[in-house]
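The structure under discussion appears below in the form of structure tokens.
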Amino acid sequence: MTINPDLQGRSYPAAEVYDVGREKIREFARAVKATHPAHFDVEAARALGHADLVAPPTFAIIVAQRADAQLIEDPESGIDFSRVVHADQRFTHHRAIVAGDQLRAELHVDGVRAMGGGAMITTRAEIFALRDDLQRDPVATTTSSILVRGEGQ
């Protein structure tokens, strides 16, 4: 199956809520070898002006990949995940992710470019927290590019 060129411009609604907890931050920090005390000690995070533990910058990938899954699982996309090669990932942070955040991500397909028998797909996940007044509090924007290899590649 070929990649659907009509994916470009498509958006996927905000996925389920991801609750950021202290242990999730600590586990992620250990996994990526982030050693700053603000990832492990609440008082160290508060001394920096944060309400709670601060997640390492790449923590946003957890929420972004949940949003990306909507595209991968969309039967209209034509994406065979076994043929996917991750090409690029970028983060733009609007504020720190802290324990207690309830995050969601809305996914946008910004580009679909044919490459031989495959395609390069660029997506953007807008990650936000909902405030009490239901306003979106922008947290991070992630941009990802994947190469979907064609048959015989």
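For the chain, the longest principal axis of the Cα atoms and the long axis of helix 22-31 meet at an angle of about 60 degrees.
Between THR58 and ARG136, the modelled label-to-label distance comes to 2.7 nm, taking each label 7 Å out from Cα in the direction of the beta carbon. Which of ASP19, ASP101, ASP133 moves the most in a Gaussian network model of the chain with Cα springs under 10 Å? Per the Cα network of the chain with a 10 Å cutoff, ASP133 tops the list.
Applying 1/(1 + (r/R0)^6) with R0 = 25 Å to the Cβ-Cβ distance of ALA47 and HIS93 gives a FRET efficiency near 0.80.
Projecting the Cα positions of ALA34, ILE61, ALA51 onto the charge dipole of the range 5-64 (unit charges on Cβ atoms of Lys, Arg, Asp and Glu, taken about the Cα centre) puts ALA34 furthest along the positive direction. Given a Förster distance of 41 Å, report the FRET efficiency between LYS24 and ALA114 from their Cβ-Cβ distance, rounded to the nearest 0.05. Calculated transfer efficiency: 0.60.
At the residue level, HIS39 shows approximately 20 square angstrom of accessible surface with a 1.4 angstrom probe and all protein chains present. Among ILE97, ILE127, ILE72, determine the one that fluctuates most according to a GNM of the chain built with springs between C-alpha atoms less than 10 Å apart. Highest fluctuation of the listed residues: ILE72.
Dipole magnitude for the chain: computed about the Cα centre from +1 point charges on Lys and Arg Cβ and -1 point charges on Asp and Glu Cβ, it is near 480 debye.
Rounded to whole numbers, the Karplus 3J(HN,Hα) couplings from phi for the range 119-124 are 7, 9, 10, 10, 10, 9 Hz, using 6.51 cos²θ - 1.76 cosθ + 1.60 with θ = phi - 60°, and x at Gly and Pro. Largest GNM mean-square fluctuation among LEU103, LEU130, LEU48, using the chain with Cα springs under 10 Å: LEU48. Accessible surface of THR143, taken over heavy atoms with a 1.4 Å probe and every protein chain present, rounds to 40 Å². Once the Cα atoms are used to define both axes, helix 60-73 deviates from the longest principal axis of the chain by about 30 degrees. Accessible area ranking (1.4 Å probe, heavy atoms, ligands and nucleic acids excluded), largest first, for LEU134, LEU107: LEU134, LEU107.
For the chain, the solvent-accessible area works out to 54 Å² per residue, with a probe of 1.4 Å and every protein chain left in place. Expressed as a whole percent, the accessible area of the chain that falls on carbon and sulfur atoms is 51 (1.4 Å probe).
The values are calculated or read from the model by the stated rules, or taken from the named source; none is laboratory data. Everything numeric in this text was worked out from a predicted model, so none of it was measured. As a convention, Cβ positions derive from the backbone with ideal geometry for all residues, glycine included, and neighbour counts pool all protein chains shown. Remember, those area values only see protein heavy atoms, side chains included, never the ligands or the DNA or RNA. Shrake-Rupley method; radii C 1.70, N 1.55, O 1.52, S 1.80 Å.
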